[in-house]
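Each remark here refers to the structure printed beneath this line.
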Amino acid sequence: MLWWIWVIIALVALLIILFVTYFNKIIVLSNRIDNAFSQIDVQLKRRNDLIPNLVETVKGYAKHEKDVFTDVTKARTAMINAGSDINSKMNASNALSGALKSVFAVAENYPALKANENFIHLQQELSDIESKIAYTRQFYNDSVLVYNNIVTTFPGLIFAGFYGKKEKVYLETPVPERENVKVKF
């Protein structure tokens with residue numbers, strides 16, 4: 001009769017260990033996701049701080065390209081005002097990336113600008129930041145994958161439900177729609 005008490009105590013201890021282990025695992029993974037998004041945010045802010053210098057450098061050479069500068073300024077303002085919602089921040093970031101591409105397209109028409117040391121430095125710094133943004137997005141999505149695997153598979157599914165934890169959303173980069181190229185000979 002005494003051995004049944006030990007079995008019950010062992011099962012209760014095992015359940016407590018499982019609850020604590022899964023709780024800690026889910027919290028650590030959730031914190032990793034929050035950290036990854038914070039790192040994305042840091043890079044987005046660095047890019048936002050760099051843009052006025054880039055625009056001013058290009059403006060000096062391409063004074064009649066006002067639409068490009070207006071688009072970049074609007075996209076940057078939207079990025080700054082995006083708030084803390086991850087989807088609105090990523091949409092604003094993607095719009096800003098598109099506007100920046102038009103700045104570099106304008107620069108192609110001005111050989112003196114392309115050779116300008118300040119412009120080259122800003123372009124390299126922006127390229128570096130874009131690479132870091134891509135890396136941190138990848139880290140974020142990898143962290144979401146691990147978290148989602150824990151909260152959607154057994155036995156983590158049970159514990160996640162008990163703690164009220166749900167799947168997290170991946171960051172997706174929208175693919176612009178393209179028309180098919182028509183080839184005529």
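Of the numbered conditions (1) surrounded by fewer than 12 Cβ atoms within 10 Å (Cβ to Cβ); (2) over 30 Å from T153 (Cβ atoms), I17 fails exactly one; give the number of that condition.
Of (1) surrounded by fewer than 12 Cβ atoms within 10 Å (Cβ to Cβ); (2) over 30 Å from T153 (Cβ atoms), only one is false for I17: (2).
Which of the helices (runs of 4 or more DSSP H) found entirely inside region 77-157 contain at least 2 residues meeting this: among the hydrophobic types (A, V, I, L, M, F, W, C), buried (at least 16 other Cβ atoms within 10 Å of the Cβ) and within 23 Å of the chain's Cα centre (by Cα)?
Fully inside region 77-157 and qualifying: 86-107, 117-152.
So, of the residues in region 48-102 that are small (G, A, S) and farther than 30 Å from D34 by Cβ, which turns out to be modelled with the highest pLDDT? Spell out the reasoning first.
First pass over region 48-102, keeping only residues small (G, A, S): 60, 62, 75, 78, 82-84, 88, 92-93, 95, 97-99, 102.
From what is left, the residues that are farther than 30 Å from D34 by Cβ are 60, 62, 102.
Numbers: G60: 74, A62: 70, S102: 80.
Ranking the qualifying residues of region 48-102, first place goes to S102.
In region 41-76, which residues are crowded, with 20+ Cβ neighbours inside 10 Å, in contact (Cβ under 8 Å) with a residue 40 or more places away in the chain and not polar (S, T, N, Q)?
Those that are crowded, with 20+ Cβ neighbours inside 10 Å, in contact (Cβ under 8 Å) with a residue 40 or more places away in the chain and not polar (S, T, N, Q): L44, R47, I51, L54, V58.
Can we say A107 is closer than 20 Å to N141 by Cβ and in contact with a helix residue (DSSP H, G or I) (Cβ under 8 Å, 6 or more places away or on another chain)?
Taking the combined requirement at face value, the residue does not satisfy it.
Would you mind finding the one in N35, N31, N48 that is more than 28 Å from A78 (Cβ to Cβ) and either of a type in the set (S, T, N, Q) or touching an Asp or Glu at 6+ places or on another chain (Cβ under 7 Å) (or both)? Give the steps one after another, and end with the answer.
On the way: N35 fails: more than 28 Å from A78 (Cβ to Cβ); N48 fails: more than 28 Å from A78 (Cβ to Cβ).
Of the residues listed, the single one that is more than 28 Å from A78 (Cβ to Cβ) and either of a type in the set (S, T, N, Q) or touching an Asp or Glu at 6+ places or on another chain (Cβ under 7 Å) (or both) is N31.
The values are calculated or read from the model by the stated rules, or taken from the named source; none is laboratory data. In this text, all values refer to a predicted model and were calculated from it rather than measured experimentally. Here the Cβ is made from the backbone with ideal geometry for all residues, glycine too, and neighbour counts use every protein chain on show.
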